[in-house]
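Below is one structure. I have some questions about it.
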Amino acid sequence: MPAKSTSWTVNPPLAHDQHLFAGAETLQRSCALAVAEKQEVIVRLLLGSPAWATLPLLVPPLLQIMKEVSRALGNAAADDSKLLLLSAVGSYFCSGIDPSYLIGRLSTDRRKESSRIAEAIRDFVTAFIHFKKPIVVAINGPALGLGASILPLCDIIWASEKAWFQTPSASIRLTPTGCSSYTFPQILGVALANEMLLCGRKLTAQEACSRGLVSQVFWPTTFSQEVMLRVKEMANCSAMVLEESKCLVRSFLKSVLEEVNDRECQMLKQMWSSTKFLESLFTYLQEKVYDV
Amino acid sequence: MPAKSTSWTVNPPLAHDQHLFAGAETLQRSCALAVAEKQEVIVRLLLGSPAWATLPLLVPPLLQIMKEVSRALGNAAADDSKLLLLSAVGSYFCSGIDPSYLIGRLSTDRRKESSRIAEAIRDFVTAFIHFKKPIVVAINGPALGLGASILPLCDIIWASEKAWFQTPSASIRLTPTGCSSYTFPQILGVALANEMLLCGRKLTAQEACSRGLVSQVFWPTTFSQEVMLRVKEMANCSAMVLEESKCLVRSFLKSVLEEVNDRECQMLKQMWSSTKFLESLFTYLQEKVYDV
Amino acid sequence: MPAKSTSWTVNPPLAHDQHLFAGAETLQRSCALAVAEKQEVIVRLLLGSPAWATLPLLVPPLLQIMKEVSRALGNAAADDSKLLLLSAVGSYFCSGIDPSYLIGRLSTDRRKESSRIAEAIRDFVTAFIHFKKPIVVAINGPALGLGASILPLCDIIWASEKAWFQTPSASIRLTPTGCSSYTFPQILGVALANEMLLCGRKLTAQEACSRGLVSQVFWPTTFSQEVMLRVKEMANCSAMVLEESKCLVRSFLKSVLEEVNDRECQMLKQMWSSTKFLESLFTYLQEKVYDV
């Protein structure tokens, strides 16, 4: 398993857990952007790849990551695991949609590409809305854009002291994604949700915790141990009780979230297919270049 | 009134308020597990009994307490009181459903008993959902399980510094009750609600206050005075304004809460009537015995 | 522009921003209770007037202020501005409905006046619900009653350390207004919302921030600069993105808020037209006089 062991090597804080997954069946060893491994009753899904850690400037192919994560969720739904643990390798949790990547795609074929990307986002978010087993998220570092906005679609969210959260959608000419237009006001209150969505307000891990986006913050050096300790204890619960509890908690939300997701992606598609929008995004990127 | 005066004696922090209820009509003096007293415009409902305080290991008959509380709410709804003050004698506020009690009941006649207990819980929770006058809760000590999960169905919640809150449903093989599958995510955010419901996370009084489950925390020594001071001030308000204000605040919630309560109790009944569940609960209780 | 420059003079903390609006088109220079000014893409709406600052005991004509604010929102909706900044001159943000004013009005013609005032409140609140551009609120000082309860209908809420928040509706014989019966429990949790609405609990700026009613608190001396800095940055965003983001965030709420507003105003009308209520309000005011 050379790919896998490299993956642990470039990510020291997680290395001590390696033995946990020693005998694990590697489901998707070939995929380099999201690696899912199942050990007994826990599926561990890691965003990122060794390549990210060594080449941080490389823009990751957005659509491929989203597809790989959705596929991993599909696999985990069908196997006999009790819960899914989502984390990331390297120093970032997730860096969100890159506006340069976006304009590159949209410049080639605006109509087709705007549909394609918006639908990929919709499918990715839908995979989270429909996943029936508990999703525990361990946020090792900064979570930006879509990587922050999907958090309320997961169930238990723990963060390292190093993590921070930002959804600067309006400033990069995007409307909210990942159902954040609905979940953020619900959790953070209208005022803070809008400050995040419209002004790009950055939340520290402690702020995110005191406002309810995450439920506990741990020290970076022991973060991984603390998470694994709790996840293993959770895995002692009955699979049926975990799934039925999640079902009760989500029952009223599911149809609302589906509708919100549709609206948000419809809005993205509509904006991305307008010339006026593309010009505004282009101007923004040019100004940004001059600023640097 | 020997039973009543004993009740005050075993609970020193409340003793100084005794004069308040000196001339009070004792509605249900005979009941030993939940005592309701009306003094002018306040009905004071006390969970527990002297027996609890002196024999803390005695398992209280769950169904009887729930029935007595529901009856007290029914009486208070019909009289000319303005509000209800709910508290408890002894060091605990409420200790929730005991899994040993549960397995004892279910072992005799699984099908009949699972229906009976689930319906008793549903009726108990319904009594809170439908109560039209403001309910003030003064949480003197630990509130566990159903005793914590019904809090958002009440209106004003004050806690002593000694109180803490836990709903370890999943770890004792239960799904959420008391509408907590809906109210906890609404109040605490999805992440903390799930950490409480799925991992049994314990909240201190201060944490519960900063996350919105309770609205103020007081020192144990002056807790009772602080509560009575505020309750008497509230009782100066017009009964009509209090009731209509509560009606407005609850109008959108009532039908949702009824549906949530039905679903939750349906789920309990379904689980309790499965052999697989009973075996899992039995194994859990056996492991617990070996742990101790 | 003598009226306008006086307005800045009586309000030193805002004086340094005067140059921002130097060349601004003054939309409603004649109105003395709410002044709206447009500068480039920002409409700045100031509650209060120099008269308030110099004659703080003067009771402002409630209906006129509400009408002027609604008109200013209507104008701002139609022009090419990107956002609205709402603040107030003087040391208060908003002092809410005065019970003496109320009883004065209702004593003349109970039926007609109760309809008139309730409908004026409904229209005022509706104007906020329907406003499509982001509303930033800068709360310079105490926000009472309707001035506090409409805040969740706005989008971004920043407060000076000097601000505090109170909706003592029940104690002055009022039921909730401004959709607070719905928005306060959503944001603050049921317990704190009811403590504010039923017991008149006062929140400091810091408490309001930690509970989600406001999203940031600034020092009074630099409050105005901090607000303007952020508002100008926000005004760099695309108008379309700002409006569509708000539309997504509000889409599920709009119809609910309309219904809540109708119910709340219906309740006010109903109470105000009852003799029993008027007697209760009269007794309250008399007791208050004796208290002082």
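Which value, in square angstrom to the nearest 100, describes the accessible area buried between chains A and B on both sides, using a 1.4 angstrom probe?
Roughly 2500 Å².
Work out the FRET efficiency for B:K112 and B:K132 from their Cβ-Cβ distance, taking R0 = 35 Å, and round it to the nearest 0.05.
Using R0 = 35 Å, I get an efficiency of 0.55.
While we're looking at this one, here's another question. Along Cα-to-Cβ, 7 Å out, sits the label point; list in nm, shortest first, how far the one on C:N236 is from those in the other copies.
Shortest to longest, the spacings are 5.3, 5.3 nm.
Next question. What nm distances, shortest first, do you get from the label point of C:K132 to those in the other copies when the point sits 7 angstrom along Cα to Cβ?
For C:K132, the other copies' label points sit at 4.3, 4.3 nm, shortest first.
Report the relative contact order of the stretch B:15-291, percent, no decimals, based on alpha-carbon pairs under 8 angstrom and at least 6 residues apart.
18
If I model the stretch A:106-246 as equal point scatterers sitting on the Cα atoms and use the Debye formula, what is log10 I(q)/I(0) at q = 0.16, 0.18, 0.19 Å⁻¹?
-0.91, -1.08, -1.16
Further, regarding this structure: If r is the Cβ-Cβ distance from A:Q270 to C:Q266 and R0 is 41 Å, what FRET efficiency results, to the nearest 0.05?
0.60
A further question on this structure: Could you pull the copy-to-copy label distances for C:L63, with points set 7 Å along Cα to Cβ, in nm to one decimal and sorted shortest first?
6.2, 6.2
List, by residue number, every residue in the stretch B:241-279 with a reduction of 50 Å² or greater in accessible area between the chain on its own and the complete protein assembly, 1.4 Å probe.
B:V241, B:E244, B:S245, B:L248, B:V249, B:F252, B:R263, B:M267
How many percent of the accessible area of the stretch C:127-205 is carbon or sulfur, using a 1.4 Å probe?
Taking all protein chains in place, the stretch C:127-205 shows 56 percent carbon and sulfur surface.
Near C:M271, within a Cβ-to-Cβ distance under 10 Å, what is the net charge of the other residues, with Lys and Arg +1 and Asp and Glu -1? Mind dumping the intermediate values first?
Details: positive: C:R173, C:K269, C:K276; negative: B:E244.
Here the charged neighbours net out to +2.
To continue, here is another question. Given a 1.4 angstrom probe, what's the average accessible area per residue across the stretch A:15-291, in square angstrom?
Values: 10590 Å² over 277 residues.
The answer is 38 Å² per residue.
Restricting things to Cα coordinates, could you compute the convex hull volume per residue of the stretch A:15-291 in Å³? Provide the component values of the computation, followed by the final result.
Numbers: hull volume 36.5 nm³, N = 277.
Residue-normalised Cα hull volume stands at 132 Å³.
Given the pairs A:K254/B:K132; A:K254/B:K202; B:K82/B:K246; A:K67/A:K132; B:K132/B:K232; A:K276/C:K254, which are separated by over 21 angstrom at their Cα positions?
Beyond 21 Å between Cα atoms: A:K254/B:K132; A:K254/B:K202; A:K276/C:K254.
Describe numerically, in nm with one decimal, the distance between label points set 7 Å from Cα along Cα→Cβ at B:C247 and at C:E161.
With each label placed 7 Å out from Cα toward Cβ, I get 4.5 nm.
Can you give me the C-alpha center-to-center distance between the stretch C:92-152 and the stretch C:226-292, rounded to a whole angstrom?
If you average the Cα positions of each part, the centres end up 7 Å apart.
Excluding C:E113 itself, calculate the net charge of residues whose Cβ lies under 13 Å from the Cβ of C:E113, where each Lys or Arg counts +1 and each Asp or Glu counts -1.
+4
I would also like to ask the following. For the stretch B:156-292, what is the relative contact order in percent, using Cα pairs closer than 8 Å and at least 6 residues apart in sequence?
On the way: 121 pairs, mean separation 45.3, N = 137.
Once divided by the residue count of the stretch B:156-292, the mean separation gives 33 percent.
Also, quick follow-up: Taking the Cα centre as origin and putting +1 on Lys and Arg beta-carbons and -1 on Asp and Glu beta-carbons, what dipole magnitude results for the stretch A:15-291, to the nearest 20 debye? All intermediate terms of the calculation are to be shown ahead of the outcome.
Details: 28 positive and 27 negative charges, 91 e Å.
Dipole of the stretch A:15-291, to the nearest 20 debye: 440 debye.
Using every alpha carbon pair in the stretch C:81-161, what percent of pairs falls into each 5 Å bin from 0 up to the bin containing the largest distance?
For the stretch C:81-161, the binned pair fractions read 3, 13, 21, 20, 17, 13, 8, 4, 1 percent.
Please work out which residue of chain B brings its Cβ closest to the axis of the rotation superposing B onto C, and round that distance to whole Å.
Closest Cβ on chain B to the axis mapping it onto C, in Å: B:S210, 4.
Follow-up question, since we're still on this one. What's the FRET efficiency of C:A239 with B:Q286 using the Cβ-Cβ distance as r and R₀ = 56 Å, to the nearest 0.05? Don't jump to the answer; show the numbers that get you there.
Details: r = 66 Å, r/R0 = 1.17.
With R0 = 56 Å, the Cβ-Cβ based efficiency is 0.30.
Mind listing, in residue-number order, the residues in the stretch C:185-204 that have at least 40 Å² less accessible area with every protein chain present than in their own chain alone (1.4 Å probe)?
Residues shielded by partner chains are C:Q186, C:V190, C:A191, C:N194, C:E195, C:L198, C:C199.
The values are calculated or read from the model by the stated rules, or taken from the named source; none is laboratory data. All figures in this text were calculated on a predicted structure; none of them were measured in a lab. As a convention, Cβ positions derive from the backbone with ideal geometry for all residues, glycine included, and neighbour counts pool all protein chains shown. For the accessible areas, the whole protein counts, side chains as well, though only heavy atoms, and no ligand, DNA or RNA atoms are used. Shrake-Rupley method; radii C 1.70, N 1.55, O 1.52, S 1.80 Å.
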